[in-house]
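The values are calculated or read from the model by the stated rules, or taken from the named source; none is laboratory data. This structure is a prediction, so every number in the text was calculated from the model and none was measured. Note: ideal-geometry Cβ built from the backbone for every residue, glycine included; neighbour counts use all protein chains shown. What goes into the accessible areas is simple: the full protein's heavy atoms, side chains included, and nothing from ligands, DNA or RNA. Shrake-Rupley method; radii C 1.70, N 1.55, O 1.52, S 1.80 Å.
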Amino acid sequence: MAIYQSTAIARRVKKSVGEQTFCQVKGQNIVKMKIEENTSNTPAQQRQRRAFTELSDWGNIFGEAVELGFPSRQKQLSAQNAFMQANAGVVSVSEEGKVSVDYARIACSKGRLEVPKVTVTCTGEQPILTFTHPAQKNGRCRKATDLLYAAVLEKELEEVAVFELNKRSDAEAVTAELDETWKKENLCVYVFVLSEKGDKASDTKYVELA
């Protein structure tokens, strides 16, 4: 692209001449070379678009958790947009077209609140999860009234269940019964914290089953 001096002839030139295109941008006369080949659909770009579409699907799968987990997002962003930003790079597509998801990196919340150390055990043929954590009082980036949440993913079925657990100050164990079709080996558990009013959140913590 180049800026050219307007002449009597150039003023009469419109659109393209040979391999050159003449136009005006912000009051300046601009000449551009035509692009011989459109490279906007390269294999790398196709993979990137596929990964974006797949990530958008995961935003829908985690929909209930996403609506809760991004209360401090910028005003112009929807919860889905915030999820997409927070999870950039979580989904990838190989040159062969295979989609990979880094389940341990999925973020269904974002914020500065502190997440307590949560332990999760799974028992029974119809999975029952038991959540425990130490009681905490008010402190830096935490209040005793904060509420703990869990988002549980069955990755083969691509389904998510969201559970409100208990308050930060409550050390009592909480159980959550899952659908009988869910399998323990396919479970991924994510915990996060919301303030009592739901206007503040924590980052998401991925918890291995004990």
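Output the residues belonging to the stretch 117-137 that are more than 29 Å from the chain's Cα centre (by Cα) and farther than 24 Å from E185 by Cβ. If the condition is that a residue be more than 29 Å from the chain's Cα centre (by Cα) and farther than 24 Å from E185 by Cβ, then A135, K137 are the ones that fit.
Do we have A171 as at pLDDT 95 or above and either in contact with a Phe, Trp or Tyr (Cβ under 6 Å, 6 or more places away or on another chain) or part of a strand (DSSP E or B) (or both) here? Judged against the criteria, A171 is not a match.
Answer with yes or no whether A144 is open to solvent by less than 60 Å² (accessible area, probe 1.4 Å) and within 16 Å of the chain's Cα centre (by Cα). In short, no.
If we scan the stretch 125-140, do we find a residue that is open to solvent by less than 20 Å² (accessible area, probe 1.4 Å) and within 28 Å of S78 (Cβ to Cβ)? Scanning the stretch 125-140, I find no residue that is open to solvent by less than 20 Å² (accessible area, probe 1.4 Å) and within 28 Å of S78 (Cβ to Cβ), so the answer is no. Only one of the listed residues (L157, L129) is touching a residue at least 40 places away in the same chain (Cβ under 8 Å) and more than 22 Å from A86 (Cβ to Cβ). That residue is L129. Considering only residues that are open to solvent by 50 Å² or more (accessible area, probe 1.4 Å) and either without any contact (Cβ under 8 Å) to a residue 24 or more places away in the chain or in a helix (DSSP H, G or I) (or both), which ones fall in the stretch 65-77? Within the stretch 65-77, E67, L68, Q74, K75, Q76 meet the criteria. Condition first: within 20 Å of A173 (Cα to Cα) and either open to solvent by 10 Å² or more (accessible area, probe 1.4 Å) or among the acidic types (D, E) (or both). Now tell me which residues in the stretch 147-159 satisfy that. L147, Y149, listed by residue number. Would you confirm, using the coordinates I've provided, whether A144 is of a type in the set (G, A, S) and touching a Lys or Arg at 6+ places or on another chain (Cβ under 7 Å)? The answer is yes for A144. Looking at E164, is it part of a loop (DSSP other than H, G, I, E, B) and surrounded by fewer than 20 Cβ atoms within 10 Å (Cβ to Cβ)? Considered against the rule, which asks whether it is part of a loop (DSSP other than H, G, I, E, B) and surrounded by fewer than 20 Cβ atoms within 10 Å (Cβ to Cβ), E164 comes out as no. Annotation: of all residues in the stretch 182-198 being open to solvent by 80 Å² or more (accessible area, probe 1.4 Å) and in a loop (DSSP other than H, G, I, E, B), the one that is nearest to P134 (Cα to Cα) is E196. Residues in the stretch 85-118 that are out of contact with any His (no Cβ under 8 Å at 6 or more places or on another chain), among the β-branched types (V, I, T) and open to solvent by less than 20 Å² (accessible area, probe 1.4 Å) were compared, and the one that is nearest to C141 (Cα to Cα) is I106.
Evaluating Q136 against the criteria (1) in a strand (DSSP E or B); (2) touching a Lys or Arg at 6+ places or on another chain (Cβ under 6 Å) leaves one unmet condition, (1).
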